[in-house]
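For reference, the structure is listed below as structure tokens.
No lab work stands behind these numbers, since they all come straight from the coordinates. It should be emphasised that the depicted structure is a prediction, and the values quoted were computed from it without experimental measurement. Note: ideal-geometry Cβ built from the backbone for every residue, glycine included; neighbour counts use all protein chains shown.
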Amino acid sequence: MKFFLDTANLDEVRKGASWGIVDGVTTNPTLIAREGRPIAEQVHHICEIVEGDVSAEVVGTEAESMISEGRELSKIHKHVVIKVPLTRDGIKATKALSGEGYRVNVTLCFTPAQALLAAKAGAYIISPFVGRLDDIGHNGMDLIRNIAAIYKNYGYRTQILAASLRGPVHVIDAALAGAHIGTMPFKVMDMLFNHPLTDKGLEQFLRDWAKVFQETPVAG
Ligand code: E4P
């Protein structure tokens, strides 16, 4: 499973990348606006830090403007994946941009039918939002399971990116459901490391070691 960071914050991207397990980044207009810098500048910085796909979202709402905006966004860096919303115009733009060889991430997906539309239009990535469905009383993870089953039936190559993940259980459930990618806020990725028995076990090992050897071993 690929791990993406869902952020436009450079400190978070740098810290996550230093762990060696970040395969890409997703941004959206809210996340970019939060950082207060022009999208081209911010996305370029992110692309220089992470060796992988970096989604940059269009803000146009008509197919023609999404297409021209998408072409411009892709010039920022070779890592850029053009992100478009799942609307009629978004699907039209996806078909056109995919046909030109661009990688497109179709976002704001909330039903399997929408995911089918994205796959048919040649999307590189589909982004179903798990947490936002949970928020309105639905089972967000069912969406991931259903898309995985449908894409398998027809051999669609569109990657399923589980988005709007709110905690470690979401990440594990998305992996079990067959998501190719999970995108998560920095704090969720950070939480994946934690277990009290890991901390307790390490403390014990170091205490036992220090009783006999006192010093830290020197490599070699
Ligand atoms: C995905 O690409 C979106 O940016 C993101 O996962 C949305 O998550 P949220 O529902 O926590 O805002």
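If I stretch the segment between residue 59 and residue 157 completely, what's the gain in nm (0.36 nm per residue apart, minus their alpha carbon distance), one decimal?
Once the chain is fully extended between residue 59 and residue 157, it gains 32.7 nm.
If each Cα of the chain is one equal point scatterer, what is log10 of I(q)/I(0) from the Debye formula at q = 0.12, 0.15 Å⁻¹?
-0.65, -0.93
Report the percentage of all Cα-Cα pairs in segment 43-91 whose separation exceeds 14 Å, rounded to a whole percent.
Working: 538 of 1176 pairs.
When all Cα pairs of segment 43-91 are counted, 46 percent exceed 14 Å.
Which one, 195, 45, 79, has the greatest fluctuation when you compute a Gaussian network model over the chain with C-alpha springs under 10 angstrom?
Result for the chain, Cα springs under 10 Å: 195 fluctuates most.
For the chain, modelled as a GNM with alpha-carbon contacts under 10 angstrom, which of 113, 93, 56 fluctuates the most?
Judging by the Gaussian network model, the answer is 113.
Which lysines, on any chain, are close to residue 75 with Cα under 18 Å apart, when same-chain ones fewer than 8 places away are left out?
Partners found: 83.
Once you put a point 7 Å from the Cα of residue 77 and another 7 Å from the Cα of residue 33, both along the Cβ direction, what distance in nm separates them?
2.3
Springs between alpha-carbon pairs under 10 angstrom, Gaussian network model over the chain: which of 55, 127, 68 fluctuates most?
Taking springs between Cα atoms under 10 Å, the residue moving most is 68.
If packing is taken as the average count of other Cβ atoms within 10 Å, what order do 205-214, 83-92, 103-112, 29-38 fall into, highest mean first?
The most tightly packed comes first, giving 103-112, 83-92, 29-38, 205-214.
Taking the inverse of the average 1/r across all pairs of different Cα atoms in segment 1-131, what Kirkwood radius in Å do you get?
14.6
Can you list the GluC sites (Glu not before Pro) in segment 51-142 that are in a DSSP coil and have 15 or fewer other beta carbons within 10 angstrom?
Hits after loop and neighbour filter: 51, 62, 100.
Tell me which residues come under 5 Å, amide H to amide H, from residue 80 once H is placed; ignore anything under 5 positions away on its chain.
Long-range HN contacts for residue 80: 54.
Can you compute 3J(HN,Hα) from phi for each residue in segment 29-35, using the Karplus curve 6.51 cos²θ - 1.76 cosθ + 1.60 with θ = phi - 60°, rounded to whole Hz and x for Gly and Pro?
Once rounded to whole Hz, the list reads x, 5, 5, 5, 4, 4, 8.
Okay, helix-only estimate at 222 nm for the chain: each DSSP H run of n ≥ 4 adds -39500 (n - 2.57), divide by all residues, round to 500 deg cm²/dmol; what do you get?
So the helix-based figure for the chain works out to -15500 deg cm²/dmol.
Could you work out how far the C-alpha centroid of segment 26-53 sits from that of segment 120-148, in angstrom?
23
How far is it, in nm, from the label point at residue 135 to the one at residue 175 when both lie 7 Å from their Cα along the line to the Cβ?
Computed distance between label sites residue 135 and residue 175 equals 2.6 nm.
Work out, step by step, the length gained on full extension between residue 40 and residue 193: first 0.36 nm times the residue separation, then minus their alpha carbon distance; give nm to one decimal. Intermediate values should be presented prior to the final figure.
Details: separation 153, 0.36 × 153 = 55.08 nm, distance 3.22 nm.
Separation in residues times 0.36 nm, less the Cα-Cα distance, equals 51.9 nm.
With a cut-off of 8 Å between alpha carbons and a minimum separation of six or more residues, what is the relative contact order of segment 2-194 in percent?
17
Loop-only trypsin sites (Lys or Arg not before Pro) in segment 129-163, please: DSSP not H, G, I, E or B, and at most 13 other Cβ atoms within 10 Å.
Those that pass, being in a loop and sparsely packed, are 157.
Enumerate the calculated ³J(HN,Hα) couplings along segment 97-106 in order (Karplus 6.51 cos²θ - 1.76 cosθ + 1.60, θ = phi - 60°), each rounded to whole Hz, writing x wherever the residue is Gly or Pro.
Once rounded to whole Hz, the list reads 5, 4, x, 8, x, 7, 8, 10, 9, 8.
With label points built 7 Å along Cα→Cβ from the Cα atoms of residue 142 and residue 11, find their separation and express it in nm.
Each label point lies 7 Å from its Cα, and together they span 4.1 nm.
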